[in-house]
Amino acid sequence: MNSATPSADPIIARRGVLLVLSSPSGAGKTTLSRALLDSDGGIRLSISVTTRKPRPGEVDGKDYVFVSGENFERMRAAGDLLEWAQVFGNAYGTPRAPVEEAIARGEDVLFDIDWQGAQQLAEKMAGDLVRVFILPPSGSVLENRLRGRAQDPPEVVAKRMAEASAEISHWAEYDYVIVNADLDTSISGLKAILAAERLKRERQLGLSLFVRDLQSGL
Ligand code: ADP
Ligand code: 5GP
């Protein structure tokens, strides 16, 4: 056996994961996304553009890039959006360039997008995509969360509750499902999904080279 000291923590080149979170509004996507982003430096958020008005506390360029209908249409027509959809009467879309650049660098990207966006990404980038659906533990909990968030007027909360069942009907198109009852348990589950997906053999592009070097040193 070769007695040379192996490098401490071999970095194996890999392709980035595109991690999509979808759920009915209020089930906890934003909360789970923030927790994951805060605890994991290897994943970045895809910041969507939207024609929706900012909620109190939302920051332009951080939560969303808030644009006019005209500017959204210009981006869409120019092919600058990887996917886009109308949700609750507003347009939302994912800027293409940051995602393509991140994957090429082997970085992971987190998406908080609806089922329509997830379907479009599945058509274009299936091999890179990992889809996670977040369910609320019950309808009444969902309504309480929407009300408790205290960021939307009652008519907007009612509209989102009315749409919840239609969004939930897409649950079976996702690879993983988390019922978001206890927040810490949900966060642990989400981290476990990302950790396992990062280790998938086909994502670890540098494995053949690594194993060849490993064997040559045996
Ligand atoms: P979404 O992004 O899916 O619309 P949010 O992340 O904004 O949902 O969550 C809606 C509300 O529910 C927020 O006030 C959030 O703090 C709360 N919330 C999220 N997950 C949980 C949980 N597991 N337990 C209790 N409250 C939660
Ligand atoms: P909200 O207005 O609560 O921030 O988002 C409303 C819905 O739009 C959520 O289901 C959210 O996941 C979805 N959404 C946000 N950004 C995008 C996007 O870029 N594309 C698509 N398809 N959906 C989005």
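The values are calculated or read from the model by the stated rules, or taken from the named source; none is laboratory data. As the structure is a prediction and not an experimental result, all values here were calculated from the model. Note that each Cβ is placed from the backbone with ideal geometry, even for glycine, and that neighbours are counted across all protein chains shown. SASA here: full protein model, heavy atoms, side chains in, ligands and nucleic acids out. Shrake-Rupley method; radii C 1.70, N 1.55, O 1.52, S 1.80 Å.
For Ser138, state whether it is open to solvent by 70 Å² or more (accessible area, probe 1.4 Å), of a type in the set (S, T, N, Q) and out of contact with any strand residue (DSSP E or B) (no Cβ under 7 Å at 6 or more places or on another chain).
On the way: open to solvent by 70 Å² or more (accessible area, probe 1.4 Å): no; of a type in the set (S, T, N, Q): yes; out of contact with any strand residue (DSSP E or B) (no Cβ under 7 Å at 6 or more places or on another chain): yes.
Taking the combined requirement at face value, the residue does not satisfy it.
So which residues in the stretch 168-218 are open to solvent by 70 Å² or more (accessible area, probe 1.4 Å), within 24 Å of Gly42 (Cβ to Cβ) and among the basic types (Lys, Arg)?
Scanning the stretch 168-218 gives Lys191, Lys200, Arg201.
Give the stretch 16-47 a look and list any residue that's open to solvent by 10 Å² or more (accessible area, probe 1.4 Å) and either of a type in the set (S, T, N, Q) or within 14 Å of Thr94 (Cα to Cα) (or both), or say none.
Once the filter is applied, which keeps residues that are open to solvent by 10 Å² or more (accessible area, probe 1.4 Å) and either of a type in the set (S, T, N, Q) or within 14 Å of Thr94 (Cα to Cα) (or both), the stretch 16-47 yields Ser25, Thr30, Thr31, Ser39, Arg44, Leu45, Ser46, Ile47.
Go through (1) within 14 Å of ligand 2 (Cβ to nearest atom); (2) closer than 30 Å to Leu207 by Cβ; (3) more than 16 Å from the chain's Cα centre (by Cα) one by one and return the number of the condition Leu19 breaks.
(3)
Counting residues that are more than 22 Å from Thr50 (Cα to Cα), which strands (runs of 3 or more DSSP E) fully inside the stretch 108-206 reach at least 3? Break it down into steps so the answer makes sense when it comes.
Values: elements: 108-112, 129-135, 176-179.
Those strands (runs of 3 or more DSSP E) span 129-135, 176-179.
Of the residues in the stretch 153-164, how many are surrounded by fewer than 18 Cβ atoms within 10 Å (Cβ to Cβ) and touching a residue at least 12 places away in the same chain (Cβ under 8 Å)? Full working, then the answer.
Step one: filter the stretch 153-164 for residues surrounded by fewer than 18 Cβ atoms within 10 Å (Cβ to Cβ), giving 153-156, 158-159, 161-163.
Filter once more, so that each one left must be touching a residue at least 12 places away in the same chain (Cβ under 8 Å): 156, 159, 161, 163.
Qualifying residue count, the stretch 153-164: 4.
Since Arg55 meets every condition but one in (1) at pLDDT 95 or above; (2) surrounded by 11 or more Cβ atoms within 10 Å (Cβ to Cβ), which condition does it not meet?
With respect to (1) at pLDDT 95 or above; (2) surrounded by 11 or more Cβ atoms within 10 Å (Cβ to Cβ), Arg55 is out only on (1).
Exactly one condition in (1) within 14 Å of ligand 1 (Cβ to nearest atom); (2) in contact with a strand residue (DSSP E or B) (Cβ under 8 Å, 6 or more places away or on another chain) is false for Ala164; which is it?
The one condition Ala164 does not meet is (2).
So which residues in the stretch 99-123 are more than 16 Å from ligand 1 (Cβ to nearest atom) and under 14 Å from the mean Cα position of the chain (by Cα), if there are any at all?
At the first step, the residues of the stretch 99-123 found to be more than 16 Å from ligand 1 (Cβ to nearest atom) are 99-109, 119-123.
Within the stretch 99-123, Val99, Ala102, Ile103, Glu107, Asp108, Val109, Gln119, Gln120, Leu121, Ala122 qualify.
Go through the stretch 87-96 and give me each residue that's more than 8 Å from ligand 2 (Cβ to nearest atom) and modelled with pLDDT under 95.
Applying the first criterion (more than 8 Å from ligand 2 (Cβ to nearest atom)) to the stretch 87-96 yields 89, 91, 95-96.
Matches in the stretch 87-96: Gly89 only.
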